[in-house]
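The values are calculated or read from the model by the stated rules, or taken from the named source; none is laboratory data. Worth saying up front: this structure is predicted, and the values here are computed from it rather than measured. In this analysis, Cβ positions are derived from the backbone assuming ideal geometry, glycine residues included, and neighbour counts consider all displayed protein chains. The protein model used for the area step is the full one, side chains on, heavy atoms only, and it has no ligands, DNA or RNA in it. Shrake-Rupley method; radii C 1.70, N 1.55, O 1.52, S 1.80 Å.
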Amino acid sequence: MRARTLNRSADEELMPLLAEHDMTAFKLIYERHATAAYSLAFRIVGDRNRAEEVTQEAFVSLWKTGARYDPDRSSVRSWLLAIVRNRSIDFIRREAVQRVDARRNPEDVLADVAASERTETAAATHESTRELLGALSALPEDQATVVKLAYYGGFSHSEIAGMLDAPVGTVKGRMRLGLEKMRAHLVEAAG
């Protein structure tokens, strides 16, 4: 009887129960949103097993932190998918850092990025992408490396600084200079 009553409840009504670790409320939230959560994780991490792991982590987090949900800020679905998105990005970064830690060579990390993840090859047929790649290849090596690690690897300035054994300010400067040179190259090519 209780499960039937809860089944008709809105997600927002289930969250206070989930915050009290009500298993029925958790099960209903899971049944309603697991497919969307898995789909999002799969789109980000690109692998079924990894997507399952990320989805599981997100729902465990939901179980532990359900009391943090604020209905005034978003719907339950949006909040949960934000958790999945953040967990997916964290998962990708952890894997990348593990590869870097194993070798400490940023060029090896870039070489390991799968072609389907890089999109460079698939998008090369588009003129704008060719122009961007041309602008990138015209950069000095230190600037190109920083831009590639940020774009292809998804690394933050501080993560790149750690990989290159350089100060964060230097990485930011190289990024800024590299992007300015790319912009100038693109303006010149368009003119």
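Structure data summary
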| quantity | calculated |
| --- | --- |
| Proximal charge balance of Tyr38 [Cβ under 15 Å; K/R count +1, D/E count -1] | +2 |
| Net +/- balance of residues flanking Leu177 in space, Cβ distance below 13 Å, scoring K and R +1, D and E -1 | +2 |
| Residue-normalised accessible area of the stretch 1-86, expressed per residue, 1.4 Å probe, Å² | 63 |
| R0 of 22 Å, Cβ-Cβ distance Ser137-Ala166: FRET efficiency to nearest 0.05 | 0.50 |
| Segment Thr5-Ser74, length gained on full extension (0.36 nm per residue, minus Cα span) | 22.4 nm |
